[in-house]
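K.L.:
Mind having a look at this structure? Questions to follow.
The values are calculated or read from the model by the stated rules, or taken from the named source; none is laboratory data. Every value quoted in this text rests on a predicted model; they were computed, and no experiment measured them. Glycine gets a Cβ as well: all are built from the backbone with ideal geometry, and neighbour counts include every protein chain shown. Heavy atoms of the whole protein, side chains included, go into the accessibility calculation; ligands, DNA and RNA do not. Shrake-Rupley method; radii C 1.70, N 1.55, O 1.52, S 1.80 Å.
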Amino acid sequence: MLIAIEGLDQSGKATQAQALRDRLRDDGKRARLVSFPDYGTAIGEEIARALQGEREHSPEVMQLLYIANRYECRDDLERWLSGDLTVVCDRYIASGIAYGEAQGLDADWLTQIQRFLPVADMTILLDIEPSLAAQRKSSGRDRYERDLALLGRARDSYLRQAEQPGWFRVDGERGKVEVAQEIAEFVGRQF
């Protein structure tokens with residue numbers, strides 16, 4: 001099973017993805033955590049430079065870099081999934097759609113160019129207000145984290161996407177333990 005944890009920056013994705021992976025392992029399931037972007041690859045390094053303002057790329061190029069970064073991991077994802085591992089992704093396909101759409105890119109195009117990636121069996125949206133994202137990280141924010149209007153548009157895209165089957169929306173503004181419990185209960189009902 002592939003489970004994607006999605007949401008705005010500072011919504012708690014990394015924390016909740018780790019908690020879910022640990023919970024699955026505690027329940028006797030084989031689970032692995034993957035985070036996107038993967039800054040350990042050449043493409044990931046280019047993404048990091050762009051986010052810190054060292055490079056200037058158009059929205060199309062940035063999304064193509066993010067998508068290429070996910071494709072770099074495709075063979076591993078397929079191998080892990082075929083090996084009966086549950087893969088928990090801290091960001092996945094929906095992030096590219098949300099942030100690309102927030103920058104005026106076509107959601108259908110963003111969806112189509114990712115169609116050869118493994119499909120998430122479930123996507124969990126940690127929904128928070130953009131203003132809370134800014135409060136949770138007041139300094140050292142990257143170019144996207146500083147743009148509240150962009151975060152608002154990304155949230156709108158996430159909420160639209162969350163109307164699709166296979167999505168579960170969680171109020172990410174609550175405490176970490178409460179959010180983790182709700183996610184664990186939801187995922188537990190799917191196994």
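K.L.:
Here is a check on your reading of the model: is G96 in contact with a helix residue (DSSP H, G or I) (Cβ under 8 Å, 6 or more places away or on another chain) and either touching a residue at least 12 places away in the same chain (Cβ under 8 Å) or small (G, A, S) (or both)?
P.N.:
Details: in contact with a helix residue (DSSP H, G or I) (Cβ under 8 Å, 6 or more places away or on another chain): yes; either touching a residue at least 12 places away in the same chain (Cβ under 8 Å) or small (G, A, S) (or both): yes.
So G96 passes the test.
K.L.:
Scan segment 34-58 and report the pairs whose first residue is part of a loop (DSSP other than H, G, I, E, B) and whose second residue is of a type in the set (S, T, Y), with Cβ atoms within less than 8 Å and a gap of 6+ or a chain change.
P.N.:
F36/Y66; F36/Y92; F36/S95; P37/Y66
K.L.:
Let me ask you something else. Of the residues T123, T111, which single one is open to solvent by 20 Å² or more (accessible area, probe 1.4 Å), touching a helix residue (DSSP H, G or I) at 6+ places or on another chain (Cβ under 7 Å) and not charged (D, E, K, R)?
P.N.:
Values: T123 fails: open to solvent by 20 Å² or more (accessible area, probe 1.4 Å).
Within the list T123, T111, the selection yields T111.
Condition check ((1) part of a strand (DSSP E or B); (2) more than 16 Å from G12 (Cβ to Cβ)) across all residues:
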position	(1), (2)
L81	no, yes
C89	yes, no
L105	no, yes
L110	no, yes
L151	no, no
Q181	no, no
E185	no, yes
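K.L.:
Does S95 qualify as being assigned to a loop (DSSP other than H, G, I, E, B) and polar (S, T, N, Q)? If you could, list the steps in order and put the result at the bottom.
P.N.:
Working: assigned to a loop (DSSP other than H, G, I, E, B): no; polar (S, T, N, Q): yes.
No: the conditions fail for S95.
K.L.:
Just to check your reading of the model, which residue among L77, L51 is surrounded by fewer than 22 Cβ atoms within 10 Å (Cβ to Cβ) and in contact with a strand residue (DSSP E or B) (Cβ under 7 Å, 6 or more places away or on another chain)? Please lay out each step first, then the result.
P.N.:
Values: L51 fails: in contact with a strand residue (DSSP E or B) (Cβ under 7 Å, 6 or more places away or on another chain).
So the residue among L77, L51 that is surrounded by fewer than 22 Cβ atoms within 10 Å (Cβ to Cβ) and in contact with a strand residue (DSSP E or B) (Cβ under 7 Å, 6 or more places away or on another chain) is L77.
K.L.:
Scan segment 2-15 and report the pairs whose first residue is open to solvent by less than 10 Å² (accessible area, probe 1.4 Å) and in a loop (DSSP other than H, G, I, E, B) and whose second residue is of a type in the set (S, T, Y) and modelled with pLDDT of 95 or more, with Cβ atoms within less than 8 Å and a gap of 6+ or a chain change.
P.N.:
From segment 2-15, the pairs are L8/Y158.
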